[in-house]
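Asker: Submitted below is the structure of interest, expressed as structure tokens.
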Amino acid sequence: MSDGMRYDRAIIETLRDELRVNFGKLTAAGDEMTSAKDQMAAAWTGDSLTGFMGTYDNWRKEYDGHDGSSGAVHKLNEIAKLVESALNEALGADQKIGDGFGNF
């Protein structure tokens with residue numbers, strides 16, 4: 001028999017905060033990679049540039065699906081949203097229960 005759902009607010013808040021920080025770091029790294037790609041495109045020509053651009057395009061697809069709709073960045077952002085939503089729902093449920101006891 002279960003004695004109810006339990007959660008540790010501090011742990012969930014820490015997870016949420018770490019996801020936000022790491023999302024920011026991943027986004028910044030993506031911006032740096034795009035800047036480096038632009039510099040390489042200006043400096044290289046021929047087969048070297050073609051090979052690099054193919055590799056960059058493969059990376060970009062894994063990173064954000066070329067448009068932010070998929071890839072690692074999208075997945076991390078979706079996980080962060082789910083954690084935030086779960087925390088808000090748990091806190092809302094706690095508040096409703098606490099309000100209910102206030103009527104006695």
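Asker: Answer yes or no as to whether residue 10 is exposed (fewer than 10 other Cβ atoms within 10 Å of the Cβ) and in a helix (DSSP H, G or I).
Answerer: yes
Asker: Just a yes or no: is a residue in the stretch 22-32 surrounded by fewer than 14 Cβ atoms within 10 Å (Cβ to Cβ) and over 16 Å from the mean Cα position of the chain (by Cα)?
Answerer: Within the stretch 22-32 (the criterion being surrounded by fewer than 14 Cβ atoms within 10 Å (Cβ to Cβ) and over 16 Å from the mean Cα position of the chain (by Cα)), the answer is yes, since at least one residue qualifies.
Asker: While we're on this one: Just a yes or no: is a residue in the stretch 35-55 under 20 Å from the mean Cα position of the chain (by Cα), loosely packed, with under 11 Cβ neighbours inside 10 Å and not hydrophobic (A, V, I, L, M, F, W, C)?
Answerer: Checked against the condition, which is being under 20 Å from the mean Cα position of the chain (by Cα), loosely packed, with under 11 Cβ neighbours inside 10 Å and not hydrophobic (A, V, I, L, M, F, W, C), the stretch 35-55 yields no hits at all.
Asker: Cβ-Cβ under 7 Å, sequence separation 6+ or interchain: first residue in the stretch 48-59 and within 13 Å of residue 36 (Cα to Cα), partner open to solvent by 40 Å² or more (accessible area, probe 1.4 Å) and not in a helix (DSSP H, G or I). Which pairs?
Answerer: 52/44
Asker: Now, a different point. Within the stretch 69-104, count every residue that is exposed (fewer than 13 other Cβ atoms within 10 Å of the Cβ) and outside any helix (DSSP H, G or I).
Answerer: 4
Asker: Would you confirm whether any residue within the stretch 89-99 is in contact (Cβ under 8 Å) with a residue 40 or more places away in the chain and under 25 Å from the mean Cα position of the chain (by Cα)?
Answerer: Checked against the condition, which is being in contact (Cβ under 8 Å) with a residue 40 or more places away in the chain and under 25 Å from the mean Cα position of the chain (by Cα), the stretch 89-99 yields at least one hit.
Asker: Considering (1) part of a helix (DSSP H, G or I); (2) under 19 Å from the mean Cα position of the chain (by Cα); (3) farther than 30 Å from residue 92 by Cα, say which one residue 66 fails and leave the rest.
Answerer: Among (1) part of a helix (DSSP H, G or I); (2) under 19 Å from the mean Cα position of the chain (by Cα); (3) farther than 30 Å from residue 92 by Cα, residue 66 violates only (1).
Asker: Residue 7 versus (1) modelled with pLDDT of 90 or more; (2) over 15 Å from the mean Cα position of the chain (by Cα); (3) hydroxyl-bearing (Ser, Thr, Tyr): which is the lone unmet condition?
Answerer: Against the list (1) modelled with pLDDT of 90 or more; (2) over 15 Å from the mean Cα position of the chain (by Cα); (3) hydroxyl-bearing (Ser, Thr, Tyr), residue 7 comes up short only on (1).
Asker: Take the conditions under 30 Å from residue 81 (Cβ atoms) and assigned to a helix (DSSP H, G or I) and apply them to residue 28. Does it pass?
Answerer: Yes: the conditions hold for residue 28.
Asker: Then there is this: Just to be sure before I move on: is residue 60 at pLDDT 90 or above, among the charged types (D, E, K, R) and open to solvent by less than 50 Å² (accessible area, probe 1.4 Å) in the structure I sent?
Answerer: Criteria met by residue 60.
The values are calculated or read from the model by the stated rules, or taken from the named source; none is laboratory data. Since we're looking at a predicted model, the values are computed, not measured. Here Cβ is always computed from backbone atoms with ideal geometry, including for glycine, and neighbour counts include all displayed protein chains. When the accessible area is computed, the model is the full protein with side chains, heavy atoms only, and any ligands, DNA or RNA have been set aside. Shrake-Rupley method; radii C 1.70, N 1.55, O 1.52, S 1.80 Å.
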